[in-house]
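Below is one structure; the comments refer to it alone.
The values are calculated or read from the model by the stated rules, or taken from the named source; none is laboratory data. Owing to the predicted nature of the structure, the values given are computational and were not obtained by experimental measurement. Note: ideal-geometry Cβ built from the backbone for every residue, glycine included; neighbour counts use all protein chains shown.
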Amino acid sequence: MSNIKVIKKSDMLKRVALWSDLKPNSQMFVDTRLPEHERDLYSVIGPGVSEDKETRPAITDAQDFNLAYIGAEPGKGAALHSHPTVEVFVPLTGKWSIYWNEGDEQEEVIISQMDCVSVPPGVLRGFRNVGEEHAFLMGIVGGSDSGHVDWAKSVIDRARETGLQLDENGYIIEDGDR
């Protein structure tokens, strides 16, 4: 018995994300107001673990994984966070530090274009552009519904100082929006 399907071009075009059409979101996560964590996030396949209710991926049909591109200036990237699923990082350009664990337990690996790191579920991890120019990283999280991010307490405390918090469902709200 064959599992081969025929699909019309009009249906396939709903599954195409052209770079020229992608719009970055610079506030998809609660840490993005912190200067060292400013970055642009491009939701390519599925909403991923976005904390912004307005996130609209280019390809909405996320079947077992979500894919995003992250653009960042040197020294910038994501704060320590964890996911309930695997997260995979592949640099498209530049050099990136993928780091994990907190405090004295923190470890890191430096990766370059086309290298790959797969971080297990539940491990606090972050990433930072350690190159000398703006660079792009591809991030993939598992699951059709990848849940929400768990942040290190220090990140939540610092984000609150900028006026951002998370509501009871894990979405960004401005102080006073409750």
Out of the residues in the range 2-34 that are touching a residue at least 24 places away in the same chain (Cβ under 8 Å) and assigned to a helix (DSSP H, G or I), which is farthest from L137 (Cα to Cα)?
K14
Given the structure, is I98 in contact with a helix residue (DSSP H, G or I) (Cβ under 7 Å, 6 or more places away or on another chain) and either on the phi < 0 side of the Ramachandran plot or modelled with pLDDT of 95 or more (or both)?
no
So which of I70, I98 ends up being in a strand (DSSP E or B), buried (at least 17 other Cβ atoms within 10 Å of the Cβ) and without any contact (Cβ under 8 Å) to a residue 40 or more places away in the chain?
I98
Can you pull out the residues in the range 28-55 that are modelled with pLDDT under 90 and surrounded by fewer than 17 Cβ atoms within 10 Å (Cβ to Cβ)?
K53, E54
Taking the stated definitions as given, is L92 of a type outside the set (S, T, N, Q), touching a strand residue (DSSP E or B) at 6+ places or on another chain (Cβ under 6 Å), farther than 16 Å from V155 by Cβ and surrounded by fewer than 16 Cβ atoms within 10 Å (Cβ to Cβ)?
yes
Residue under question is E168, and the condition is that it be over 25 Å from N101 (Cβ atoms), of a type in the set (D, E, K, R) and surrounded by fewer than 16 Cβ atoms within 10 Å (Cβ to Cβ); does it hold?
yes
Given (1) in contact (Cβ under 8 Å) with a residue 40 or more places away in the chain; (2) among the β-branched types (V, I, T); (3) over 20 Å from L67 (Cα atoms), index of the condition V90 fails:
(3)
Somewhere in the range 51-66, is a residue of a type in the set (K, R), assigned to a loop (DSSP other than H, G, I, E, B) and under 12 Å from the mean Cα position of the chain (by Cα)?
no
Output the number of the condition that Q106 fails; it satisfies all remaining conditions of (1) free of Cβ contacts under 8 Å to residues at least 24 places away in the same chain; (2) out of contact with any Leu (no Cβ under 9 Å at 6 or more places or on another chain); (3) not small (G, A, S).
(2)
